[in-house]
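Everything on this sheet refers to the single structure shown next.
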Amino acid sequence: MFRGSLVALLTPFDGEQIDEAALRRLVDWHIAEGTHGLVPVGTTGESPTLSHDEHCRVIQIVAEQAAGRVPVIAGAGSNNPVEAIGYSKCAQEAGADATLHVAGYYNRPNQDGLYAHFKMLHDATELPIIVYNIPPRAVVDIKPETLARMAELPRIVGVKDATGDLMRPLAERQLINKEFAWLSGEDGTAVAYNIGGGSGCISVSANIAPRLCAQVQELTLEGKWQAARELQDKLIPLHQAMFIEPNPAGPKYALSLLGMAKEDCRIPVVPLQESTKARIREAMENLQLI
């Protein structure tokens, strides 16, 4: 169910308000462009600076607008499991298909603590759960043995892997024997990750180039590795440009060049330097996106 190009969906703002009309347009545009799934209110969706009500409202809008046409994996993570359970219940009420959960930041639990966090979520909620492993942001790393232990829980069905370690899917596949979604959390390594057993990518660049990112994933799923690599080579400058400055300032600026939404972000994410804007424009022009 969870495979291909899944966009780490931006939350468009008009000043300090969520631009609900733009968000609905984005959902329809992604589906028309071939995006295989929507992942709202993650890091790229600026979840740290959304209120609880805004967080739930974004999930509701995305699930409502998608209307079952593609899966919706709602960001619901928190280092506080009680808060994460609350977000998960919002996602279920909104009609999302699954939740994405990061854990560990600031309180820095050990591996047993991480397992206890996810088991508590699992036992208190009903939707399938994707584990988000991102040590650069969460500080802690969910080890393969811990992920395998989590995967024994019936509704833990996949991982978003942003470790940058291309051995991870190979090691984890030795330990997990059920149907499981291995999803890259990094655009730049997405093709290599799929060679190691992955089945998709939760992508930032898909906010800007949804059709091209979907084509890369489709080529890998068809085993057309040479063609996938060649297309990925063309996309690498865009992937790099998206992260010159803190996410999501880059993709929001790029989306504004497409006329899809404003570039407004919430503090502490600040406007881009002109040199970064130039790099983004150049990458988009070379891909004939603008």
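Tally time: how many residues in segment 263-290 are among the small types (G, A, S) and in contact with a strand residue (DSSP E or B) (Cβ under 6 Å, 6 or more places away or on another chain)?
0
Kindly indicate whether I142 is among the β-branched types (V, I, T) and either without any contact (Cβ under 8 Å) to a residue 24 or more places away in the chain or farther than 18 Å from L175 by Cβ (or both).
no
Pick from segment 218-272 the residues that are part of a helix (DSSP H, G or I) and β-branched (V, I, T): which of them is surrounded by the fewest Cβ atoms within 10 Å (Cβ to Cβ)?
Checked segment 218-272; the qualifying residue surrounded by the fewest Cβ atoms within 10 Å (Cβ to Cβ) is I236.
Counting only residues that are surrounded by fewer than 17 Cβ atoms within 10 Å (Cβ to Cβ) and within 18 Å of A192 (Cβ to Cβ), how many does segment 137-164 have?
The qualifying residues number 1.
Could you go through segment 199-220 and let me know if any residue there is more than 30 Å from E20 (Cα to Cα), under 19 Å from the mean Cα position of the chain (by Cα) and of a type in the set (G, A, S).
Scanning segment 199-220 turns up at least one residue that is more than 30 Å from E20 (Cα to Cα), under 19 Å from the mean Cα position of the chain (by Cα) and of a type in the set (G, A, S).
Under 8 Å by Cβ, and 6 or more places apart or on different chains, what pairs join a residue from segment 28-46 that is within 14 Å of A63 (Cα to Cα) and in contact (Cβ under 8 Å) with a residue 12 or more places away in the chain with one that is aromatic (F, W, Y) and part of a loop (DSSP other than H, G, I, E, B)?
G37/F2
What are the residues in segment 90-100 that are of a type outside the set (A, V, I, L, M, F, W, C) and touching a Ser or Thr at 6+ places or on another chain (Cβ under 8 Å), if any?
Correct list: Q92, T99.
Could you list all residues from segment 61-70 that are over 12 Å from D28 (Cβ atoms) and crowded, with 19+ Cβ neighbours inside 10 Å?
A63
From the residues in segment 108-139 that are under 23 Å from L183 (Cα atoms) and among the basic types (K, R), which one is nearest to the chain's Cα centre (by Cα)?
Across segment 108-139, the extreme among qualifying residues is R137.
Quick check on my filter: what residues within segment 43-70 are more than 26 Å from P136 (Cβ to Cβ), touching a Leu at 6+ places or on another chain (Cβ under 8 Å) and assigned to a loop (DSSP other than H, G, I, E, B)?
Within segment 43-70, just V70 meets the criteria.
Would you point out the residue of segment 9-59, among those that are among the small types (G, A, S) and more than 14 Å from A214 (Cβ to Cβ), that is surrounded by the most Cβ atoms within 10 Å (Cβ to Cβ)?
Among them, the one singled out is G42.
Being among the acidic types (D, E), touching a Leu at 6+ places or on another chain (Cβ under 7 Å), crowded, with 20+ Cβ neighbours inside 10 Å and under 25 Å from A98 (Cα atoms): is that true of E172 here?
yes
Within segment 92-107, how many residues are touching a strand residue (DSSP E or B) at 6+ places or on another chain (Cβ under 9 Å) and either basic (K, R) or over 17 Å from P48 (Cα atoms) (or both)?
Selection size over segment 92-107: 6.
Taken together, the values in this text are just the output of simple stated rules run on the coordinates, not laboratory data. Model, not experiment: these values are computed from the prediction. For neighbour counting, all protein chains shown are included, and Cβ atoms are generated from backbone atoms with ideal geometry for every residue, glycine included.
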